[in-house]
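Enquirer: Can you keep this structure in mind? I'll have questions shortly.
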Amino acid sequence: QLDKQIAKMEQAITKHTKLTASAEFNLLRSTPGIGIMLALIILYEVDDINRFPTVAEFCNYSRLAPNDTESAGTIGGKQGRKMGNQYPKWAFTQAVVLMNRGDCPLKKYIDNLTAKKGKTKAKAIISHRLGRAVYFMLKSGQVFDMNKLLKGKVNMT
């Protein structure tokens, strides 16, 4: 019974989104790993991308960038880890997990990064890069480009 109600709500929200923000919704859907639900979460949690003047502010809001405290050249530790919104961070991390499952050129890069940095750190790095890509996608109105995300990190042939 609840599954039917949830499905109806999802359809209604998706229909409303396609009427009000179809361009942004379709841009997010062009990203591998981001399906309907993750696109809705990112779209409604971020709201208007123009409220973030820089990509750094967007990444800080989305909890994608680490916050290190530094004084006199020495790092004092992490501070403000829970500043920002947790749901975009979860959505970007989940998108990376879904990207890694499929046949995606990013899989090779994730595997290399995992071997060097470890699984958790690799996911954090890729989700940060994905968040930056989404920011620039929504700002410019262009669809997702894997070459821009990878920036020569993986041979695409």
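The values are calculated or read from the model by the stated rules, or taken from the named source; none is laboratory data. Computed from a predicted structure; not experimentally measured. Here the Cβ is made from the backbone with ideal geometry for all residues, glycine too, and neighbour counts use every protein chain on show. For the accessible areas, the whole protein counts, side chains as well, though only heavy atoms, and no ligand, DNA or RNA atoms are used. Shrake-Rupley method; radii C 1.70, N 1.55, O 1.52, S 1.80 Å.
Enquirer: Enumerate the pairs (first residue in segment 29-50 and assigned to a loop (DSSP other than H, G, I, E, B); second residue anywhere and surrounded by fewer than 18 Cβ atoms within 10 Å (Cβ to Cβ)) with beta-carbon separation below 7 Å, excluding pairs fewer than 6 apart on the same chain, so at least 6 apart or on different chains.
Expert: From segment 29-50, the pairs are Ser30/Val143; Pro32/Gly102; Pro32/Cys104; Gly33/Leu98.
Enquirer: Taking Ser71 as the residue in question, decide whether it is under 19 Å from Leu28 (Cβ atoms) and either modelled with pLDDT of 85 or more or hydroxyl-bearing (Ser, Thr, Tyr) (or both).
Expert: It is false that Ser71 is under 19 Å from Leu28 (Cβ atoms) and either modelled with pLDDT of 85 or more or hydroxyl-bearing (Ser, Thr, Tyr) (or both).
Enquirer: Just checking, which of Asn26, Asn50 is under 27 Å from Cys104 (Cα atoms) and open to solvent by 80 Å² or more (accessible area, probe 1.4 Å)? Reasoning before the result, please.
Expert: Details: Asn50 fails: under 27 Å from Cys104 (Cα atoms).
One residue alone meets the criteria, Asn26.
Enquirer: Before we move on, is Gly76 touching an Asp or Glu at 6+ places or on another chain (Cβ under 9 Å), open to solvent by less than 90 Å² (accessible area, probe 1.4 Å), at pLDDT below 75 and of a type outside the set (Lys, Arg)?
Expert: Considered against the rule, which asks whether it is touching an Asp or Glu at 6+ places or on another chain (Cβ under 9 Å), open to solvent by less than 90 Å² (accessible area, probe 1.4 Å), at pLDDT below 75 and of a type outside the set (Lys, Arg), Gly76 comes out as yes.
Enquirer: Out of curiosity, is Gly84 modelled with pLDDT under 85, farther than 19 Å from Ile125 by Cβ and either open to solvent by less than 90 Å² (accessible area, probe 1.4 Å) or assigned to a strand (DSSP E or B) (or both)?
Expert: On the way: modelled with pLDDT under 85: yes; farther than 19 Å from Ile125 by Cβ: no; either open to solvent by less than 90 Å² (accessible area, probe 1.4 Å) or assigned to a strand (DSSP E or B) (or both): yes.
So Gly84 fails the test.
Enquirer: Looking for whichever is of a type outside the set (D, E, K, R), assigned to a helix (DSSP H, G or I) and within 11 Å of the chain's Cα centre (by Cα) here; the options are Ala124, Ala115. Which one fits?
Expert: Values: Ala115 fails: within 11 Å of the chain's Cα centre (by Cα).
Only one candidate passes the filter, namely Ala124.
Enquirer: OK, next. Pairs please, first residue from segment 100-115 and more than 13 Å from Pro32 (Cβ to Cβ), second anywhere and in a loop (DSSP other than H, G, I, E, B), Cβ atoms under 6 Å, 6+ apart in sequence or on different chains.
Expert: Every condition considered, the pairs that remain are Lys108/Val154.
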